[in-house]
Amino acid sequence: MDTIIILDFGSQYTQLIARKIREQNVYCEIHPFDKIPALTADVKGVVFSGSPYSCNAADAPVPDMSNIKGKLPLLAVCYGAQYLAKWGGGRVQQSKIREYGRANLNFIDSSNPLMKGVPMGSQVWMSHGDTIEVLPEGYKTICSTENVKYAGYQIEGEQTYAIQFHPEVHHSVDGNTLLRNFVVDICGCRQDWTPASFIETTVKELCEKVGGDKVVLGLSGGVDSTVAAVLLNRAIGHQLHCIFVDNGLLRKNEFESVLESYKDMGLNVKGVDAKDRFYGVLAGVTEPEKKRKAIGKTFIDVFDAEAKLITDAKWLGQGTIYPDVIESSSVKGPSQTIKSHHNVGGLPDYMKLKLVEPLRSLFKDEVRRVGRQLGIKDELIGRHPFPGPGLAIRILSDVTPEKVHILQEVDHIFIQGLRDAGLYDKVWQAGAMLLPVQSVGVMGDERTYESVVALRAVESVDGMTADWSHLPYDFMAKVSNEIINRVKGVNRVCYDISSKPPATIEWE
Ligand code: XMP
């Protein structure tokens with residue numbers, strides 16, 4: 001498979017570069033700048049990402065370019081461009097004018113292969129504190145903006161290109177053209193990396209890897225574990241044993257309906273009712289991280305006991321996806337862990353199973369495309385993300401079966417309402433929180449003193465940042481009425497209008 005290697009210098013946009021290249025149906029991988037993989041014949045080109053560092057800083061990341069520069073086509077973005085300029089004897093320094101946000105190209109060398117089809121005036125997205133003041137000899141300018149003379153350059157006699165703006169960001173309107181020029185025309189990659197080709201090679205690899213062994217896999221109802229299971233099922237059929245645990249923290253009727261869908265898809269799946277066990281360990285626990293830990297541990301205990309019943313299982317199947325893989329090896333920028341278990345997973349040491357992770361190289365949207373290609377129903381593929389600890393982290397106090405029941409009813413009205421109004425697919429994630437607050441209300445002639453719920457719906461690309469959804473007022477009025485009239489114990493509905501950051505999507 002023709003491959004592009006992206007070396008990560010810690011930019012917030014590195015994953016975006018990879019996604020944009022894959023949108024060209026070209027396979028690419030991200031690696032930390034100091035862990036360059038073997039550059040086999042499949043590798044057709046290299047991209048240097050941006051970075052939060054200045055290339056003049058003492059601890060700035062320095063890549064080993066000995067097998068790259070001048071030997072393979074190279075595209076250096078932002079920090080990469082500045083690093084290469086400095087490396088060649090140029091001067092990079094803090095820019096005097098703001099170079100953040102939109103700018104327009106006012107000079108383009110249209111004979112340059114990187115700039116082919118990029119029109120004069122094209123809007124680009126700048127985001128850098130440093131700028132290139134002096135370009136080394138033998139470096140040729142290929143585009144400029146009013147404030148940035150060396151917005152892009154090529155090193156003469158080499159397939160080495162550099163740009164100080166970010167082609168991967170949506171606001172660089174011809175960014176896709178530029179990336180296509182690089183990966184297709186300059187690197188010569190074939191554009192044959194598609195969901196169908198992924199399925200074909202993955203099924204073959206899975207058959208070879210697993211052979212006649214048994215695989216155990218935990219299904220969660222989410223997209224990733226479902227697609228992983230269907231792929232494995234296609235490769236090894238009923239050697240795959242799926243376990244779907246009811247932790248009592250799922251949405252209304254979710255366990256039954258999802259279990260039914262799994263069976264319809266021909267999966268060899270066992271549903272395990274462990275509700276009471278989870279309610280037992282959660283009794284009296286109010287602290288969010290303690291809830292997460294208790295749920296995680298109980299899940300492993302239940303799963304382990306079930307897995308042991310499958311004699312001679314050798315493998316554990318997991319729906320790990322590419323962002324989880326990159327996150328655990330990426331060059332650390334300023335971000336830090338806010339909530340403990342976004343990358344759930346990992347095995348207790350005593351489970352001596354080998355891991356098989358068929359989606360390890362895919363982004364979320366690619367998992368969905370593969371799922372559709374596998375014929376999985378849209379209803380399952382298009383589902384909003386739902387956290388592993390489920391409704392427990394949407395109940396802002398201790399968890400009881402009664403509170404779960406109330407929240408399930410509220411959530412159901414909201415989600416079904418979104419579906420009925422044709423809004424479900426416009427929202428990235430939605431749900432309801434049960435607040436530890438009682439408020440006074442009046443129903444008929446009676447005073448009530450009942451719970452408050454908060455609805456949350458967000459728009460996002462990957463959950464890292466999110467904006468609250470501007471749902472229509474009449475829709476919200478209808479949902480609020482329905483909740484207050486139908487759910488006993490709730491007399492007030494609020495809507496969360498906070499963006500992430502600073503607010504997170506889940507309240508706990
Ligand atoms: P936050 O609340 O951090 O959530 O803005 C971002 C995304 O992650 C999901 N989330 C979790 N998923 N275990 C999970 O599997 C968790 O503990 C967890 N906490 C948050 C959240 O639903 C959103 O999609």
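The values are calculated or read from the model by the stated rules, or taken from the named source; none is laboratory data. Everything numeric here is computed off the predicted structure, so don't read it as measured data. So basically every Cβ, Gly included, is an ideal-geometry build from the backbone, and we count neighbours across all protein chains shown. Accessible surface is based on the protein model in full, side chains and every heavy atom, while ligands, DNA and RNA are left aside. Shrake-Rupley method; radii C 1.70, N 1.55, O 1.52, S 1.80 Å.
Here are some notes:
- Residue in segment 127-134 that is in the same structural domain as D8 (by TED's automatic domain parsing) and in a loop (DSSP other than H, G, I, E, B) present: yes
- Residues in segment 112-138 that are open to solvent by 30 Å² or more (accessible area, probe 1.4 Å) and over 29 Å from the mean Cα position of the chain (by Cα): P113, K116, G117, P119, M120, G121, E133, V134, E137, G138.
- Looking across segment 63-73, just one residue is surrounded by 13 or more Cβ atoms within 10 Å (Cβ to Cβ) and under 17 Å from V331 (Cα atoms), and that is P63.
- Among the residues here, A421 does not qualify as open to solvent by less than 60 Å² (accessible area, probe 1.4 Å) and within 14 Å of the ligand (Cβ to nearest atom).
- Candidates are the residues of segment 74-106 that are under 13 Å from I155 (Cβ atoms) and among the hydrophobic types (A, V, I, L, M, F, W, C); the one that is most open to solvent (accessible area, probe 1.4 Å) is W87.
- Any hit, segment 468-487, residues being open to solvent by 40 Å² or more (accessible area, probe 1.4 Å) and within 15 Å of the ligand (Cβ to nearest atom): yes
- Check on K263, at pLDDT 95 or above and open to solvent by less than 30 Å² (accessible area, probe 1.4 Å): no
- 3 or more residues out of contact with any His (no Cβ under 7 Å at 6 or more places or on another chain) and charged (D, E, K, R): qualifying strands (runs of 3 or more DSSP E) within segment 425-508: 446-460
- You will find that of I36, I17, the residue that is in the same structural domain as Q159 (by TED's automatic domain parsing), under 17 Å from L114 (Cβ atoms), of a type in the set (A, V, I, L, M, F, W, C) and modelled with pLDDT of 95 or more is I17 and no other.
- Test: residue in segment 427-442 that is open to solvent by 70 Å² or more (accessible area, probe 1.4 Å), farther than 24 Å from E508 by Cα and modelled with pLDDT under 95: yes
- Among residues of segment 191-212 that are more than 10 Å from R234 (Cβ to Cβ), those with a Cβ under 6 angstrom from a residue that is surrounded by 12 or more Cβ atoms within 10 Å (Cβ to Cβ) and of a type in the set (S, T, Y), sequence gap 6+ or separate chain, pair up as W193/Y27.
- Within segment 369-397, residues that are within 16 Å of the ligand (Cβ to nearest atom) have Cβ atoms under 7 Å from residues that are of a type in the set (D, E) in these pairs: G382/D425; P387/E506; I393/E506; I393/E508; R394/E506; L396/E508, counting only partners at least 6 apart in sequence or on another chain.
- Residue match in segment 161-177 (condition: open to solvent by 30 Å² or more (accessible area, probe 1.4 Å), among the acidic types (D, E), modelled with pLDDT of 95 or more and more than 15 Å from N106 (Cα to Cα)): no
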